[in-house]
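The values are calculated or read from the model by the stated rules, or taken from the named source; none is laboratory data. Model, not experiment: these values are computed from the prediction. Neighbour counts run over all protein chains shown; Cβ positions are idealised from the backbone, glycine included. Just the protein is used for accessible areas: all its heavy atoms, side chains included, with ligands, DNA and RNA removed. Shrake-Rupley method; radii C 1.70, N 1.55, O 1.52, S 1.80 Å.
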Amino acid sequence: MEKSSGSAEASGRMPRLQPRWFIVLFWKVHRALVRITGGRSGLWRPRDQNWGTLRLTTIGRRSGEDRSVIVGYYEDGPNLVTMAMNGWGTAEPAWWLNLQAHPEARVQLAGRTGHTVVAHAAEGAERERLWDRWRLLDTDLDGYASRRPMQTAVVVLEPAS
């Protein structure tokens, strides 16, 4: 489980999640909006105390075909940082399983053309530092993460050289 010292634990309340069907529907509509507009709508850059969204295209671990998803992220120097949390559901997201099989992927950011990245899971001190940064962007992070039976992977997307 996540180490937790966030507001959810301090207040004794669990942060409220929308129903699973709503989360799934929202992300499907969001992904369609990005696809239809070619990324002109639905992607945004992180600002001050807010995360941004990017389009991540992985290679399917079984199909070998491109698979795209919209994920939240923030910038850590040249790297992009996201979490493998599947709408805080119990299963690992397919895109994360795909990246574990094929770490190279493409990202599309707001106002930019796509570029290639290589993914890895942050571990140890790097993971703690990046998790703490997410806490600044989402005060309910520890409460949401406590709903999952396993530790939520913090995924670093490094520019490919």
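State all residues of region 62-100 that are farther than 20 Å from Glu158 by Cα and not aromatic (Phe, Trp, Tyr); if no residue qualifies, say none.
Here is the first cut: in region 62-100, the ones farther than 20 Å from Glu158 by Cα are 62-65, 86-92.
Residues satisfying the conditions are Arg62, Ser63, Gly64, Glu65, Asn86, Gly87, Gly89, Thr90, Ala91, Glu92.
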The condition of being in a loop (DSSP other than H, G, I, E, B) and not polar (S, T, N, Q) holds, among Arg127, Arg147, only for Arg147
Filtering region 68-107 for residues that are in a strand (DSSP E or B) and surrounded by 16 or more Cβ atoms within 10 Å (Cβ to Cβ) leaves a count of 16
I need every pair where a residue in region 135-159 that is closer than 14 Å to Trp51 by Cα and open to solvent by less than 10 Å² (accessible area, probe 1.4 Å) has its Cβ under 6 Å from the Cβ of a residue that is at pLDDT below 90 and assigned to a loop (DSSP other than H, G, I, E, B), sequence separation at least 6 or different chains. Leu141/Gly6
Scope region 32-52; condition assigned to a loop (DSSP other than H, G, I, E, B), at pLDDT below 80 and open to solvent by 100 Å² or more (accessible area, probe 1.4 Å); matching residues: Arg40
